[in-house]
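What follows is a set of notes on a single structure, which appears directly below.
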Amino acid sequence: MANETQVICKNIFKNDNKKDSKEEFTKRWIELINQREKNSRRTTASG
């Protein structure tokens, strides 16, 4: 029986291109902030 592994987290900063890494880092922070705000609004609205 083969085990299947789902990758939940991946390293997006494994390249040597600093410009792309900076842009990707900023993009990921924006996504995290938006997700947190969305969850915060959802919690506030229901409570």
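The values are calculated or read from the model by the stated rules, or taken from the named source; none is laboratory data. What you see is a predicted model; the values in this text were computed from it and never measured. Glycine also receives a Cβ, built like all others from the backbone with ideal geometry; neighbour counts cover every protein chain displayed.
Among the residues of the range 35-47, at least one is in a loop (DSSP other than H, G, I, E, B) and either exposed (fewer than 10 other Cβ atoms within 10 Å of the Cβ) or at pLDDT 75 or above (or both). Within the range 1-34, restricting attention to residues that are at pLDDT below 80 and part of a helix (DSSP H, G or I), the residue that is surrounded by the most Cβ atoms within 10 Å (Cβ to Cβ) is S21.
Contact map, the range 21-47: residues that are within 14 Å of N11 (Cα to Cα) paired with residues that are among the polar types (S, T, N, Q) and outside any helix (DSSP H, G or I), Cβ distance under 9 Å, separation 6+ or inter-chain. Pairs shown: S21/N15; E24/N15.
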